[in-house]
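Engineer: My questions all concern the structure below.
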Amino acid sequence: MEHKVLALAGKLASDHDGEILSSVKMLQRLAGKAGKKIPELIAEAAGMPQRQRQQQTRTRSSGQQTRPRSTQDWLRFCLKFPEMLSEWERGFARDVSQRFLLTSKQQACADRIILKVRRHKGV
């Protein structure tokens with residue numbers, strides 16, 4: 001199964017949207033059967049150590065949080081400040097923070113939301 005997962009992950013860089021979409025759908029099915037998220041499935045198949053696989057923001061022993069690492073992590077961070085976001089932005093951030101791949105338009109909207117919160121919070 002590892003070979004199949006890595007082959008599908010490689011197709012995510014394709015120039016053909018249909019190939020990308022079918023690869024994501026297959027990865028979703030495999031991840032669902034394994035009870036994992038797609039990034040965890042790919043990282044495990046690639047032999048990445050457990051310590052490096054953890055993508056979510058973790059709390060350090062001092063209680064300080066590490067900086068978000070991905071767009072999805074940043075959007076989850078932004079959702080901690082709902083008063084700063086419009087109803088549409090909150091809905092968008094909730095939806096997109098659960099996706100593995102973003103379109104260029106989704107990425108641009110996410111970047112605007114993240115920048116808005118980061119500027120206001122000084123992060």
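The values are calculated or read from the model by the stated rules, or taken from the named source; none is laboratory data. Computed from a predicted model, the values in this text were never measured in an experiment. Backbone-built Cβ (ideal geometry, glycine too); neighbour counts: all protein chains shown.
Engineer: In the range 112-123, which residues are more than 27 Å from K36 (Cα to Cα) and part of a helix (DSSP H, G or I)?
Structural biologist: Hits for the range 112-123 are R112, I113, L115, K116, V117, R118, R119, H120, K121.
Residue by residue, here is whether (1) at pLDDT below 90; (2) over 14 Å from the mean Cα position of the chain (by Cα) holds:
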{"site": "T57", "(1), (2)": "yes, no"}
{"site": "G63", "(1), (2)": "yes, yes"}
{"site": "R69", "(1), (2)": "yes, no"}
{"site": "P82", "(1), (2)": "no, yes"}
{"site": "W88", "(1), (2)": "no, yes"}
{"site": "G91", "(1), (2)": "no, yes"}
{"site": "R94", "(1), (2)": "no, no"}
{"site": "K116", "(1), (2)": "no, yes"}
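Engineer: Among the numbered criteria (1) within 30 Å of H3 (Cβ to Cβ); (2) at pLDDT 85 or above, which one does S104 miss?
Structural biologist: (1)
Engineer: Would you confirm whether or not the range 82-98 contains a residue that is in a loop (DSSP other than H, G, I, E, B) and surrounded by 12 or more Cβ atoms within 10 Å (Cβ to Cβ)?
Structural biologist: So far as the range 82-98 goes, yes, one or more of its residues are in a loop (DSSP other than H, G, I, E, B) and surrounded by 12 or more Cβ atoms within 10 Å (Cβ to Cβ).
Engineer: With the requirement that a residue be of a type in the set (D, E, K, R) and free of Cβ contacts under 8 Å to residues at least 24 places away in the same chain, what does the range 74-117 give you?
Structural biologist: R76, K80, E83, E87, R90, R94, D95, K105, R112
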